[in-house]
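Have a look at the structure below before the remarks.
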Amino acid sequence: MTDVRYPFTAIVGMADLRLGLLLNAVSPAVGGVLVRGEKGTAKSTMVRALAGLLPSIATVDGCRFACDPAAPDPQCPDGPHTDPSGSQHPSQLVELPVGVAEDRIVGSLDLERALAEGVKAYEPGLLAKAHRGVLYIDEVNLLQDHVVDLLLDAAAMGRSYVEREGVSVRHAARFLLVGTMNPEEGELRPQLLDRFGLTVEIAATRDPAERAEVVRRRLGYDADPAGFAARFAAEERELAEHITAARELLPKVELPDVALRQITAVCAAFEVDGLRADIVMARTAVALAAWAGRTEVLEEDVRKAAQLALPHRRRRNPFDAPGLDEEQLDRTLEEHAQPDDPEPEGDGPGPDGGPDGDGPDGGGPDGGGAPEPFDGGPEASASDTAADTPSDASDAEAPAQPPVPAQHPSPSRESAPVAAGDPYRTRLFTVRGTGHGAQGRRSPAETSGGHTIRARRPQGTLSRLHLTATLQAAAPHQVARGRDGRALVLHKDDFREQVRQGRESNLVLFVVDASGSMAARQRMTAVKGAVLSLLMDAYQRRDKIGMITFRGTGAELALPPTSSVEVGAARLESLPTGGRTPLAAGLLRAHEVLRVERLRDPNRRPLLVVVTDGRATGGRDALTRSHRAAALFAAQGTASVVLDCESGPVRLGLARTLARLLGGGAVSLDELRAEGVASLVRENCSENRSTSRSVNRSENRATTAMRKAA
């Protein structure tokens, strides 16, 4: 093991990522950078290498919060620093673990000492350690939402707050925020994406020569880290001096009215919500000018700032891919490039730069004459190509045949994938009972947030004191403990903590029938639209999802359990149909997937969603085998719901029968919409239903007794 970091200047390629990190090093007010990319692209390596380039900082001796001797924080918990003496230290790089708890981030108070001794015993968290350094969050999309909210709030305000039962501690927390994520493992909410100043999309190079150089350098570093770092020491020193010079030049950079008008025009043209994008673009453009050694912002700075600050802010729903229309950007910059614009009304009802504009392409600046950091080209070409792919071109080809024959094509014939219908808001499906899983928005659970439902003895370190229950536990013993003053005499056994009930996220496992009985074009479009709607609902409720499809001779795990609903939507869109209906194989595969997931994450409760018309083919006992497979879920009490896709004038009710055997409920496609039916589907095993009936009988008896008493 070695502490020698891989040199920043030794990393091959990735000019945009390099530039985004350096701009934040020059101006932390930009707001951090989110690095999106596939696995194995040196995201973490580059972030860790950046910390070695930052200038050292002076800190007050003995201060746990890295106060600056020249301007100590007046609210520092270790203060006041009346006669601070300081020493130089390297900038800190603090890495946030994926499973980190809130108390570890903001710090924790020893509530037992605070109540019993009247002292603020505060243990600083990772935010205090990261002050004036770098806070690195690897796999930021896997953190719980409330933790990400807390981090981004601290980054925006530059201060961390700890509130516990009337005891308050606050301290400075200004840091360079860097997050990395693999989009395949799930996306961040648009509200959280907006809080990151810049975003950079990266992918491994496809150039064999460049890939060979990456491997060559990595092997050289592994063989002799110190010797490898020495080869790049001069370049590292030069880059660190460049950062320091740009920081000193930053306050002198001017943002002319023309550049500011271009910034606001670009944000308006791309319909970005709020004004944060305008502010971030302005700060980024100023930092770009300082990095280039200029004291005035130019159009090329505005263009590059837009490429870094806007793509992730244009994402409106979980199935939108981040990206930027380069032609529209060029047109907007060109339209507002003149100092005296004679057409102020052009921002109103005139052309909006939409995709159908007939005007000539502006062919705006492409950064060709910019300094070295600008030579990373536009990154949106891949996403633009994907967005322009006609996924629903076949929708206009409505079948001319009568509807009944179209619903039952030959079971041996495979139909081409059809586009999904438009998603809509669905009814809420929940898991009965109270869970203990990760915070989310679906089923009731004991969580760190939510409302207090009861008190209990502390399990581990006391963090959420239930004051009333604590006082009630201590009150009967005050005489025996010799209380002789106004203060209570508290023992450790008196303390009680809050038990809070909120909502948890679940594992929603889709089992989708893709057989010939489902293959009618209009019908499959509606079914895919329904599943897409449920996928969006799972995204909004922070669930993990998985997808199993069955047709032909067996079942396939099309999507292993993941947090990425985008991948689920893509697999659904390309889903072919046709063949027999091996319903039993689909259910058995689902049973095995849930068995493995229980071992991996025993606290995450599953919700099984079976999308089928209930038919089963592939042998004389195919239906019997599927019913036996369904009984396995009922025996385990797995929450389930069947999306009944049966249509036509004659219906067999097989999906409803399957739902009863699963121990859950069934809804039709029409009943799935939230506005269609107000009541919720109860996904419970038969035992839970009988318990519910007994509770109802008890309530009825209690109501009758109250009426008689009245």
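Descending by average beta-carbon neighbour count within 10 Å, the peptides 44-52, 493-501, 73-81, 14-22 line up as 14-22, 44-52, 493-501, 73-81, the highest first. A Förster distance of 41 Å, applied to the separation of the beta-carbon atoms of Gln501 and Ala570, puts the FRET efficiency at 0.70. Computed from label points 7 Å out along Cα-Cβ, the spacing between Ala226 and Glu241 is 2.6 nm. Legend: calculated FRET efficiency, Arg216 to Val98, from the Cβ-Cβ distance at R0 = 35 Å, rounded to 0.05, equals 0.65. Pop a pseudo-label 7 angstrom from the Cα along the beta-carbon direction at both Asn603 and Gln636 and give the gap in nm to one decimal. So the two model labels end up 2.0 nm from each other. Computed from the C-beta positions of His146 and Arg483, the FRET efficiency with R₀ = 56 Å rounds to 0.90. Counting only protein heavy atoms and a probe of 1.4 Å, the accessible surface of the stretch 1-113 is 51% carbon and sulfur.
Remark: the Glu163-Val650 segment gains 169.0 nm on full extension, using 0.36 nm per residue and subtracting the alpha carbon distance.
Summarising the label geometry, the points placed 7 Å from Cα in the beta-carbon direction at Ala156 and Thr295 lie 3.5 nm from one another. Peptides 146-154, 53-61 ranked from most to least packed by the mean count of surrounding Cβ atoms within 10 Å: 146-154, 53-61. Stretching the chain fully between Glu271 and Asp422 yields a gain of 52.1 nm (0.36 nm per residue, less the alpha carbon separation).
Highest first, please rank the peptides 235-245, 283-293, 417-427 by the mean number of other Cβ atoms sitting within 10 Å of their residues. Show your work: numbers first, answer last.
Details: 235-245: 15.0, 283-293: 24.7, 417-427: 18.1.
Final packing ranking: 283-293, 417-427, 235-245.
Once the chain from Arg206 to Glu254 is taken as fully extended at 0.36 nm per residue, the excess over their C-alpha distance is 13.3 nm.
The values are calculated or read from the model by the stated rules, or taken from the named source; none is laboratory data. Worth saying up front: this structure is predicted, and the values here are computed from it rather than measured. As a convention, Cβ positions derive from the backbone with ideal geometry for all residues, glycine included, and neighbour counts pool all protein chains shown. Just the protein is used for accessible areas: all its heavy atoms, side chains included, with ligands, DNA and RNA removed. Shrake-Rupley method; radii C 1.70, N 1.55, O 1.52, S 1.80 Å.
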